[in-house]
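Q: To start, I am sharing the structure in question, which I have written as structure tokens.
The values are calculated or read from the model by the stated rules, or taken from the named source; none is laboratory data. This one's a predicted model, so the numbers in the text were calculated from it and none came from an experiment. Here the Cβ positions follow ideal geometry from the backbone for every residue, glycine too, while neighbour counts run over all protein chains shown. Just the protein is used for accessible areas: all its heavy atoms, side chains included, with ligands, DNA and RNA removed. Shrake-Rupley method; radii C 1.70, N 1.55, O 1.52, S 1.80 Å.
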Amino acid sequence: MEDTPRRPRTPRTPRTRLRAGVPLPLLLPALGGLVFLVLPLVALLVRAPWRSLPDQLTGVAVWQALRLSLITATAATAVALVLGVPLAWLLARTRFPGRRLVRALVTLPLVLPPVVGGVALLLALGRNGIVGRWLDSAFGITLPFTTAGVVVAEAFVAMPFLVISVEGTLRAADPRYEEAATTLGASRFTAFRRVTLPMVAPGVAAGAVLAWARALGEFGATITFAGNFPGRTQTMPLSVYLALQSDPAAAIALSLVLLAVSIAVLAGLRDRWMAAS
């Protein structure tokens, strides 16, 4: 009787080998990092005034701050889309001297302290600023300590998120479709509008959501450039800061609203941040 030939063993993939065991020197710091990130959120949920939460969230000041935050964050995202998408296309599709410097300047607000960004906005767009002086004298436009100033501050800190997201999507997209459209007689703008933009629409949407969430949570640049006036410039983060000094329960309730928005943003982008798992 002939021996049955053995089937060759399938080599174990790197994923299988990693799941076989985790070294203890890596597992303990990893668990510590997880606890460090999750524990504050758990504390927020545990200490939340659940019984009085409906009363806390139905106050006039809360709805005023929430409404202002939603309006200004949406307006700031619109500004970021109008200015950021063409800027991302310029960085991804063209070559020009100083492109690396331009990219570094675009991403600078990501690492710049928000308060410093607010001071910079005051020096540029304030009544005595480089551009603000001209806006005030020529058109009577004053941006600091106004609702429009909130939009400007939020757009300043949020637009780099959109630019980075859209630029990465444009670099991953095949440029030959644009080239084919131009060879058929379309202008570069028509090719961008009818070919490129539909291809990168998911990246634009993801960048817009990230920019909107960043604008909604902006604090430092807003309070420095626009101030903290209820109904005019007091957004949700500023309202949390004030409530924490006099009414911690209200501050926790407002924080829960912002936490819920953050979770909703992550849920909306789950296809992107779960793609690596």
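Q: Name the residues in region 30-59 that are open to solvent by 70 Å² or more (accessible area, probe 1.4 Å), part of a helix (DSSP H, G or I) and modelled with pLDDT under 85, would you?
A: Pro54, Asp55
Q: So is Leu27 at pLDDT 85 or above, more than 18 Å from Ala243 (Cα to Cα) and open to solvent by 100 Å² or more (accessible area, probe 1.4 Å) or not?
A: Criteria not met by Leu27.
Q: Those residues that are within 27 Å of Pro237 (Cβ to Cβ), more than 16 Å from the chain's Cα centre (by Cα) and open to solvent by 60 Å² or more (accessible area, probe 1.4 Å), I need them from region 129-161; list them, please.
A: Val131, Ile141, Phe145
Q: Suppose we filter region 180-223 for residues that are open to solvent by 20 Å² or more (accessible area, probe 1.4 Å), charged (D, E, K, R) and touching a residue at least 12 places away in the same chain (Cβ under 8 Å); how many remain?
A: Residues flagged as open to solvent by 20 Å² or more (accessible area, probe 1.4 Å), charged (D, E, K, R) and touching a residue at least 12 places away in the same chain (Cβ under 8 Å) within region 180-223 amount to 2.
Q: Could you run through region 97-128 and say how many residues are under 16 Å from Val163 (Cβ atoms), of a type in the set (A, V, I, L, M, F, W, C) and open to solvent by 40 Å² or more (accessible area, probe 1.4 Å)?
A: 8
Q: If you don't mind, there's one more thing I want to ask. Can you report the number of residues in region 60-83 which are within 16 Å of the chain's Cα centre (by Cα) and open to solvent by less than 40 Å² (accessible area, probe 1.4 Å)?
A: Count: 7.
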